[in-house]
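See below for the structure under consideration.
The values are calculated or read from the model by the stated rules, or taken from the named source; none is laboratory data. Quick caveat: nothing in here was measured; it's all calculated off a predicted structure. Backbone-built Cβ (ideal geometry, glycine too); neighbour counts: all protein chains shown.
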Amino acid sequence: MNLDELDAEFSHWYRAYKPSVRAVIAPLAGPGADVDALTQETFERFYRMLLNDEVRLEPLHVKRLLRKIASGKAIDAWRKAARHGEDCLETLPDASAWSSVARIYGPEAAFAYAEMLRAINALSDELRAALLLREYLGFSREDTAQVLGVKRASVSANVRRAKQRLLEQDPQLAHLRLNLEGGTA
């Protein structure tokens, strides 16, 4: 593939998956993260892989690859923030970020989703990452273990503990579900 074809191919995947990549990064990296910069880093890595002919250009493969790169970048950003003592647990997006949720589902739903995000952000790094990767992004147990650098059994235990902690904080959270493909559901 020549450089013009490569650039056209990259542009296609970038337009198709940029919202999904942002949706993967935002909840994993935390509210204080620079989602745009992490999205850019994800696509830079993807472009380098395209240059080196390391990518099967099939939609499902590209989607999984971008999710894996994005989740790795997001988790690295979260860990870096935690090491530097940044407090990103109580920070939520401003009201304008919730306007579309409020318009579609009503202000009560927007508030409920904000509370869910607050509760998820309050989980420990390990529980939060395992929960989001497995339950919301649909990663397999093996892929989640690989991304997090833990054993497969730890993934299942961490997801179970995360769910228990969320329900202990607020039993109403059991009825909410975040759709990380670009919003809430």
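Summed over the stretch 44-68, the residues that are within 22 Å of the chain's Cα centre (by Cα), part of a helix (DSSP H, G or I) and not aromatic (Phe, Trp, Tyr) give a count of 14. Evaluate the stretch 58-74: report whether one residue or more is touching a residue at least 60 places away in the same chain (Cβ under 8 Å), crowded, with 16+ Cβ neighbours inside 10 Å and in contact with an Asp or Glu (Cβ under 8 Å, 6 or more places away or on another chain). Yes, there is a match, as at least one residue in the stretch 58-74 is touching a residue at least 60 places away in the same chain (Cβ under 8 Å), crowded, with 16+ Cβ neighbours inside 10 Å and in contact with an Asp or Glu (Cβ under 8 Å, 6 or more places away or on another chain). Here ALA162, ALA153, ALA122 are screened, and the one residue that is at pLDDT below 85 and either more than 20 Å from LYS63 (Cβ to Cβ) or more than 17 Å from the chain's Cα centre (by Cα) (or both) is ALA122.
Taking the stretch 1-23 as the range and being basic (Lys, Arg) and under 16 Å from VAL35 (Cα atoms) as the test, the residues that pass are LYS18, ARG22. If I ask for residues that are exposed (fewer than 13 other Cβ atoms within 10 Å of the Cβ), touching a helix residue (DSSP H, G or I) at 6+ places or on another chain (Cβ under 9 Å) and not aliphatic (A, V, I, L, M), which ones from the stretch 31-57 would you list? Listed by number, the residues that qualify are ASP34, ASP36, GLU54, ARG56.
Considering the stretch 125-150, and only residues there that are buried (at least 19 other Cβ atoms within 10 Å of the Cβ) and outside any helix (DSSP H, G or I), the residue that is modelled with the lowest pLDDT turns out to be LEU137.
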